[in-house]
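Remarks on the structure that follows.
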Amino acid sequence: MRTMDFTTEQPDCCSVGDYLEIVEHELPTSYWYMLEHAYGASTNFKNRERLKTRKGKVIKIWKDDRFNYITLEFDEEDVK
C-alpha cells in the first residue's frame, strides 16, 4: 500500500474510511494531485513517483503546528 498526505483547509470535509477521487496535474518536470472538490493538494512528485490509481481511502486526518492534513492510502506499491 502507498500513502500520500494532502494539505487541506477543510479537515472536516471527510471522515476516516471515506474514499476520495484525485486529479493529477502536470508541471514541466513533475506532477501533483488535487483531492476531489479541491479539498486538498499534494506536494510535487517526480515522474517515477506518479500514482497509478485515482481513488484513495482516508486513513488519517491530522494537523501539525502549520497545516491540516488528510492522509490517503492507495492500492499500489509504495515508491522508494
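The values are calculated or read from the model by the stated rules, or taken from the named source; none is laboratory data. Being a predicted model, the structure only gives us computed values, none of them experimental. Here the Cβ is made from the backbone with ideal geometry for all residues, glycine too, and neighbour counts use every protein chain on show.
Tabulated results
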quantity: Residue list for region 16-38, restricted to those being within 14 Å of Met4 (Cα to Cα) and in contact with an Asp or Glu (Cβ under 9 Å, 6 or more places away or on another chain); calculated: Leu20, Glu21, Ile22, Val23, Tyr31, Trp32, Tyr33, Met34, Leu35
quantity: Conditions (1) in a strand (DSSP E or B); (2) over 16 Å from Asp78 (Cα atoms); number of the one not met by Lys57; calculated: (2)
quantity: Residue selected from region 24-43 under the condition polar (S, T, N, Q) and surrounded by 13 or more Cβ atoms within 10 Å (Cβ to Cβ), by the criterion nearest to Cys13 (Cα to Cα); calculated: Ser42
quantity: Some residue of region 67-75 being outside any strand (DSSP E or B), under 13 Å from the mean Cα position of the chain (by Cα) and of a type in the set (A, V, I, L, M, F, W, C); calculated: no
quantity: Among (1) modelled with pLDDT of 95 or more; (2) closer than 19 Å to Asp78 by Cα; (3) not small (Gly, Ala, Ser), the one test that Glu26 misses; calculated: (2)
quantity: Set Asp78, Asp5, Asp65, Asp12: member being out of contact with any helix residue (DSSP H, G or I) (no Cβ under 9 Å at 6 or more places or on another chain) and surrounded by 14 or more Cβ atoms within 10 Å (Cβ to Cβ); calculated: Asp5
quantity: Strands (runs of 3 or more DSSP E) fully within region 1-47 counting 2 or more residues that are among the aliphatic types (A, V, I, L, M) and within 22 Å of Arg66 (Cβ to Cβ); calculated: 31-35
quantity: Condition broken by Asp18, with the remaining ones in (1) touching a residue at least 40 places away in the same chain (Cβ under 8 Å); (2) surrounded by 15 or more Cβ atoms within 10 Å (Cβ to Cβ) satisfied; calculated: (2)
